[in-house]
Amino acid sequence: MRKVRKTGQRRISRLRGSTSDALSSALRLINIRSRTEQELRDRLKRKGFSPEEVAETLRKLKEMDLINDRRTVREILHYATEVKGLGRAGVIQYMRQRGVPEDLICEVEIGPLEEEATAERLIRKRFRQMQGLQEEQKRRRLYGLLKRRGFSSDTIKKAIQRFIEEKSP
């Protein structure tokens, strides 16, 4: 069942141009997880705040150092590689979805060793679920999984080969 919003008092205060409501909303959003400036801008606009209120709120948050895209990029990178298990292309796509500016995305460096380690971790995790399949079928599925997660073909081939060599007696 969906909750019905009360629009009366909240809408009136927004119409008056109160930036404290926008600031409160932004603080609630930041409290859930770190957000880029663009994410906050989009969310506040979606909530019905005027462009002036949004700009003023973002200015205040920057002054208080509560939004910092560089810091957020580091957190997104860690989350994307360690939790989501994404490769370089997957991380870049994820950052674009999160509203990270292109200049910061270009600065992101994911070393080949980090990417290979992430790929190998995913292979180990998924390999257990593939018991009973033929070897070629396992390779194809692992390759597809890693490709969808944004890993390069070279990284995938190296990681699968290394895993098979370790697994073989």
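Summary table below
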read-out	value
Helices (runs of 4 or more DSSP H) contained in the stretch 55-169 and holding at least 3 residues surrounded by 15 or more Cβ atoms within 10 Å (Cβ to Cβ)	69-78, 88-97, 112-127, 135-148, 153-167
Among (1) without any contact (Cβ under 8 Å) to a residue 60 or more places away in the chain; (2) more than 10 Å from the chain's Cα centre (by Cα), the one test that residue 96 misses	(2)
Options 28, 41: the member that is of a type in the set (Lys, Arg), over 16 Å from the mean Cα position of the chain (by Cα) and crowded, with 19+ Cβ neighbours inside 10 Å	41
All positions within the stretch 46-95 that are among the β-branched types (Val, Ile, Thr) and more than 26 Å from residue 22 (Cα to Cα)	81, 83, 91, 92
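A short reminder: the numbers here are calculations on the coordinates, not readings from a lab. It should be emphasised that the depicted structure is a prediction, and the values quoted were computed from it without experimental measurement. All Cβ positions, glycine included, derive from the backbone under ideal geometry; neighbour counts span all protein chains shown.
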